[in-house]
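The values are calculated or read from the model by the stated rules, or taken from the named source; none is laboratory data. The shown structure was predicted, so the numbers you read here are calculated from the model rather than taken from an experiment. No Cβ is skipped: glycine too gets one built from the backbone with ideal geometry, and neighbour counts run over all protein chains shown. SASA here: full protein model, heavy atoms, side chains in, ligands and nucleic acids out. Shrake-Rupley method; radii C 1.70, N 1.55, O 1.52, S 1.80 Å.
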Amino acid sequence: LAEGLNLVVSAHGPEVYLMKCDGEIVHRWNCPRNKAFPDLARTKSDKKARSFRRAYVLPDRSLVGIYNGTGMVKLSSESEIIWTQPAMCHHDLCFSPDYKQIYTIIQKRRLFPAINKDEEVMDEEITVLNAENGESLRQFSLLEAFHGSEYSPMLRKAPSSGDVLHANTVRYVTEAQAAKVPVCQVGDILFSVRNMDTIGFLDMETGRVRWALTGLWAVQHEPTILENGNILVFDNSGNKGKSRVIEINPLTHEVVWKYTGEEGRSLNSETSGSCSRLPNGNTLIIESNRGRAIEVTPDKEIVWEYQNPGRWGPRKDLRATLFDVQRIPEEYFNSVLS
């Protein structure tokens with residue numbers, strides 16, 4: 001079992017918490033969406049974004065979280081609002097290594113004739129925010145990024161109307177990662193586009209897709225670069241309609257490791273889902289729709305399992321979606337537990 005605390009993001013309510021592996025909760029952040037965005041709450045559907053979709057905790061004990069399709073908020077360790085960003089960011093966020101910039105995904109409707117000449121479609125903008133105040137610094141359209149690159153033919157895989165891309169992941173490429181993966185460079189953004197079954201790297205200097213890959217997964221989430229230069233992906237529906245986690249070589253496209261579930265129980269999360277490789281070599285897998293997280297060894301033995309106790313629904317009788325669990329070393333937090 002990999003040591004550390006678990007940062008848990010659940011659909012049961014507007015909170016994020018730190019939890020020991022034995023289930024003891026040691027810290028909480030709580031902020032209802034209506035408190036962070038009182039004006040938007042009066043104009044948007046009350047069914048949207050009652051919980052956080054993604055969160056990131058910083059060493060100074062502050063937390064940045066996304067209410068899907070509503071906006072982003074930064075909270076102090078005591079859940080006081082530091083700033084809000086009301087753009088329609090969704091699904092994911094990450095920080096630059098110096099913590100000065102935040103990268104996220106923002107949806108915008110626009111006319112894009114290469115997809116549909118007659119009606120607007122939903123574009124995705126990879127957006128850079130100032131981490132100090134949440135202000136927008138730069139935006140790159142993913143539709144333009146594909147259309148202006150050698151990968152423009154891949155747009156044929158996109159639906160012709162509505163939510164044509166549905167991006168769900170952004171990851172900053174570090175110097176160490178770029179040294180292991182020759183198809184990307186430092187400062188690129190690793191992204192995932194669910195509705196095209198595609199992952200790729202966005203060149204943040206040119207705003208163009210540098211590299212992209214499809215065909216090994218279906219409606220995937222959470223690609224991450226591993227220390228060995230391979231990429232780990234939560235493949236939602238590529239296992240004959242069921243889910244799996246796969247590790248691929250981005251150059252040869254070889255699947256070098258996979259996890260499809262335990263005997264008699266297939267891994268299955270039709271939407272959402274997450275995975276990460278832990279320092280001890282185990283893999284943390286979040287089966288979101290089932291409200292379940294597991295840690296498995298390279299030999300696929302389950303050494304830790306967590307069932308989300310949170311409930312939702314009109315009668316609070318449904319297990320809440322477990323959007324994300326991140327295993328974080330205790331020393332990262334300094335005084336967060338004091």
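Please state the relative contact order of the stretch 1-116 as a whole percent: Cα pairs under 8 Å, 6+ residues apart?
Computed over the stretch 1-116, the figure is 16 percent.
For residue 175 and residue 280, calculate 0.36 nm times their separation in residues minus their Cα-Cα distance, and state this gained length in nm to one decimal.
So the chain would gain 35.6 nm between residue 175 and residue 280.
If I model a spin label at residue 297 and residue 328 as a point 7 Å from the Cα along the Cα→Cβ vector, what separation in nanometres do I get?
Taking the two extended label points, one gets 2.9 nm.
Can you pull the one-decimal nm distance between simple spin-label points at residue 78 and residue 304, each 7 Å off the Cα toward Cβ?
A separation of 3.1 nm, rounded to one decimal place.
Determine the relative contact order of the chain: mean sequence separation of Cα pairs under 8 Å and six or more apart, normalised by residue count, in whole percent.
14
Mind listing the long-range amide H neighbours of residue 318? Cut-off is under 5 Å, sequence gap 5 or more, other chains count too, H placed in the peptide plane at 1.01 Å from N.
312
Does the chain classify as rounded, prolate or oblate by the C-alpha gyration tensor (a ≥ b ≥ c root eigenvalues; a/c under 1.5 gives rounded; else a/b over b/c gives prolate, otherwise oblate)?
rounded
Classify the stretch 219-338: rounded, prolate or oblate, from the alpha-carbon gyration tensor (a ≥ b ≥ c, eigenvalue square roots; a/c under 1.5 rounded; otherwise prolate if a/b is larger than b/c)?
The shape class here is oblate.
How much net charge surrounds residue 320 when only other residues with a Cβ under 12 Å from its Cβ are counted (Lys, Arg +1; Asp, Glu -1)?
Taking every other residue near residue 320 into account, the sum is +4.
Let me check I've understood the local charge: for residue 184, count other residues with C-beta under 9 angstrom from its C-beta, Lys and Arg +1, Asp and Glu -1. What total comes out?
Taking every other residue near residue 184 into account, the sum is -1.
Leaving out ligands, DNA and RNA, and with a 1.4 Å probe, what % of the accessible surface on the stretch 228-338 is carbon or sulfur?
47
Distance between Cα centroids, the stretch 47-111 to the stretch 234-258: provide it in whole Å.
Cα centroid to Cα centroid, the span is 29 Å.
Averaged per residue, what accessible surface does the chain expose to a 1.4 Å probe, in Å²?
44
Considering only 175, 295, 287, give the residue with the highest GNM mean-square fluctuation for the chain, with springs between Cα atoms whenever their separation is below 10 Å.
Per the Cα network of the chain with a 10 Å cutoff, 175 tops the list.
Largest first, how would 311, 156 line up by accessible area (1.4 Å probe)?
Heavy-atom accessible area, descending, gives 156, 311.
Build a GNM of the chain with springs between Cα atoms under 10 Å: which of 308, 30, 116 gets the top mean-square fluctuation?
116
If each of residue 254 and residue 160 carries a label point 7 Å out from its Cα toward its Cβ, how far apart are those two points in nm?
Between residue 254 and residue 160, the simple spin-label model gives 4.1 nm.
Would you compute, from DSSP H runs of 4+ residues alone, the mean residue ellipticity of the chain at 222 nm, taking -39500 (n - 2.57) per run and dividing by the full residue count, rounded to the nearest 500?
-1000 deg cm²/dmol
What does the convex hull of the Cα atoms come to per residue for the stretch 78-234, in Å³?
In the stretch 78-234, the Cα convex hull volume per residue is 123 Å³.
Just to confirm a number: summing +1 for Lys and Arg and -1 for Asp and Glu over residues other than residue 229 whose beta-carbon lies under 11 angstrom from that of residue 229, what do you get?
-1
With springs connecting C-alpha atoms under 10 Å apart, model the chain as a Gaussian network and identify which of 167, 55, 36 has the largest mean-square fluctuation.
In this elastic network of the chain, the residue with the biggest mean-square fluctuation among 167, 55, 36 is 36.
Could you put 331, 3 in order of accessible surface area, largest first, with the 1.4 Å probe and the full protein assembly present?
Descending order: 3, 331.
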